[in-house]
1. Output the antiparallel fraction of DSSP beta bridges having both residues in chain A, as a percent to the nearest 5.
2. How high is the relative contact order of chain A? Use alpha-carbon pairs under 8 Å, at least six apart in sequence, and give a whole percent.
3. Give the long-range amide H neighbours of A:ASN111: residues separated by 5 or more places, or on another chain, with amide H under 5 Å away, using H modelled in the peptide plane at 1.01 Å from N.
4. Within region A:281-300, which residues have the backbone N less than 18 Å from the label spot 7 Å out from A:GLN393 along Cα→beta-carbon, could you tell me?
5. Angle, helix B:282-303 long axis vs. longest principal axis of chain B, Cα atoms, 0 to 90°, nearest 10?
6. Please average, across the residues of B:95-107, the number of beta carbons from any other chain that are within 10 Å of each residue's own beta carbon, and give a whole number.
7. For A:GLY346, enumerate residues with amide H under 5 Å from its amide H, sequence gap 5+ or separate chain, H modeled in the peptide plane.
8. Against the longest alpha carbon principal axis of chain B, how many degrees, from 0 to 90 and to the nearest 10, is the axis of helix B:68-79 turned?
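The values are calculated or read from the model by the stated rules, or taken from the named source; none is laboratory data. Keep in mind the model is a prediction, meaning the values are calculated, not measured. Note that we place each Cβ from the backbone using ideal geometry, even for glycine, and neighbour counts take in every protein chain shown. Heads up: the accessible areas ignore ligands, DNA and RNA and are worked out on the full protein's heavy atoms, side chains in. Shrake-Rupley method; radii C 1.70, N 1.55, O 1.52, S 1.80 Å.
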2 protein chains.
Amino acid sequence: MDALKINKRLIMTPGPVSVDPRVSQAMSNSILGQFDYEFVDIMNQTMALIRQSFLTQNKWSFPIDGTSRAGLEAVIASIVKPGDDVLVPIIGRFGYLFTELVTRAGGIVHNIKKPMGEVFDQDEIIEALDRINPKVLAIVHGETSTGRLQPIDKIGHACKTRGIFSVVDAVATYQGMVIPVDDWELDAVIGGAQKCLSIPSGITPITFNDRFSEEINRRKRVELGIRSNEITEQDDFIRSNYLDLTQLQDYWSPKRLNHHTESTTSIYALYTGLKLALAEGIENRAHRHSYHQEGLKLALKALGLEIFGDESNEMKMVICVKIPQGVDDNAFRLGLLKNYGIEIAGSFGELQGKIWRIGIMGYAIEKQNILTFLSAFSIYLAYQGVDNLNLEQAVSTLLKYYETSE
Amino acid sequence: MDALKINKRLIMTPGPVSVDPRVSQAMSNSILGQFDYEFVDIMNQTMALIRQSFLTQNKWSFPIDGTSRAGLEAVIASIVKPGDDVLVPIIGRFGYLFTELVTRAGGIVHNIKKPMGEVFDQDEIIEALDRINPKVLAIVHGETSTGRLQPIDKIGHACKTRGIFSVVDAVATYQGMVIPVDDWELDAVIGGAQKCLSIPSGITPITFNDRFSEEINRRKRVELGIRSNEITEQDDFIRSNYLDLTQLQDYWSPKRLNHHTESTTSIYALYTGLKLALAEGIENRAHRHSYHQEGLKLALKALGLEIFGDESNEMKMVICVKIPQGVDDNAFRLGLLKNYGIEIAGSFGELQGKIWRIGIMGYAIEKQNILTFLSAFSIYLAYQGVDNLNLEQAVSTLLKYYETSE
């Protein structure tokens, strides 16, 4: 049998990104049964690591067995019942995903929007909370489609004092910056695997507080076949079984009530990825991301490219550059991938064909890779006929940056 | 940082079971981007392998990024809309899971039941189809909670001629026996990862035919943010986004419409696990399972244990034995695990504490492991005070079986 052959890549997209070999090694360990006491111990340790990663005391901090979208849907499908009002601010594609998830859950969506490339002042959001008085605010922290960072440090408190539940999509920012869930008083936050944490996609750490837990447990329904008789059925039960957070609470608590078969290797990956991230330190990790993002951004400007959006509200784990005139988005990216094994991303909707998104995420973000990327990317742009590029200026800017700052 | 230390195990449960090291090695390959042409090629090859594994020509043969339960929910949530009648025959716990999934989708469940340990004659099911005239029949093929194999070879045809959709949970039987999806005229079938295929839990291969596809696409809703304007919204759209098969069709077709971020390492595992299974040959693999199951069953009888249920309808990938009187289910299994690293399973509901389920699944099923299991298990039973065990008779029965048959 031919073994799978995977060619070398330098992935500079907003995910999925390269995995630390130590994570891959952990994943190659043999399987443990899902109720094996040693596996249960690893599950409990993983919960503790998730708490640390979110800077929270939330008891309910565990992963969803699915990609980030599964984590988002688990939270929305559990908190939003038909007819509930939900405020979803939109600054890019992933606000539309929240809108979609709320709609599918039967919720009534109230959108406020900004032009692509902008973010909300938090007071604008708070004003909308007062105007609409929703049950839930669902908001994207790092909007990778436009590279924007939506400030949210005041939002949790504002929601709490109004009796509104705050739900935050932190998929792209998780472990690439500090997200102090308790200090910011956020009710439910969804992290990501294949972005700054840089483990394989397929598992999604989430956290939520007791207030949120009490609310979703009003809809609790233990499944047939394993429930005892005292549970009362309710009409507004959660419509998903797989993504029902109340059932997952029973699975991730000492009850260990049978639900899905936890993905052993994904837990090994998450455990190890979080151990590595916390050993580095979230603040150090945040600095590593912003440090290399700043250096590469300076170099790309020196090259002659234009950065998309206001730098005052940019995510530090992605660089959005305008595609130079005359360059075909898809053809260029395919050429870069085929010739160099280097991958960058386009964008969605009205930004498609207009900007490239260069991911600065996780394990691969270190000097050698950034210099290699800049050199190959800039020369290949020149080769493709883009005029007026300052090739030497770009590389000297980056080299000097690395020599003079840290 | 302390690396994860996983101790040795011989897992003899109905899953999750040991993984072939060649699968683990494949999973340790580096990440490819989800739209990288080399990854897309692997995705397409994986679809072809899934088709072969189900003996089907179904175009729509792809994995769900979640555990088996996610695959079951994706199929049920996509085909069952509120008010739809669904027939669910129950012979054990996993029939209740189907019942639960249908209820959550808003369907009206019609159950027919057999005592635990029995299966239906197919004519009884067909009679119920005629009586109830449901939209969907959802049926479990291998009911691991009782170790029963429900015959289904006539069911698909009976459904088709009546305009009913057949949905089959083949999680436990997939790649442990031959399931000719096209010959049996089944509309949608869900396989399993962590059982006879013996790759890590977390990804679930499914297949469905054009008739099924046409039906679910009546409910199609392309998500906000990436849909063009011509799509009409409908009130009865699928309530899940993550488990919406119509969106997954767009992701797994040349459109490659963005949805979730496919789990790279899970695809490496599935691709490699299927390559290995098909290289062995599904018939050879089925024989390997039934061959070792038969030998171990003979030995356990010789030991003096009683087999649960009628052997004429047993699954060949599990042995259900009655727990000897005076033995504490949980304490014995924990002792076997702690002292030998050997894991067997209890059961659910009314069978809990009454039977053990010994899994005969996948990679670990070969002579050395079966002999090791029998020896440790039988001696530990004797050590726990069970009288009248024929220890030498048991092992000689198994050794002779291996010497005289193949």
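1. Here the share of antiparallel DSSP bridges comes out near 50 percent.
2. 23
3. A:VAL88
4. A:295-300
5. 30
6. Whole-number average of other-chain Cβ neighbours for B:95-107 is 4.
7. A:ARG357
8. Result, in degrees: 30.
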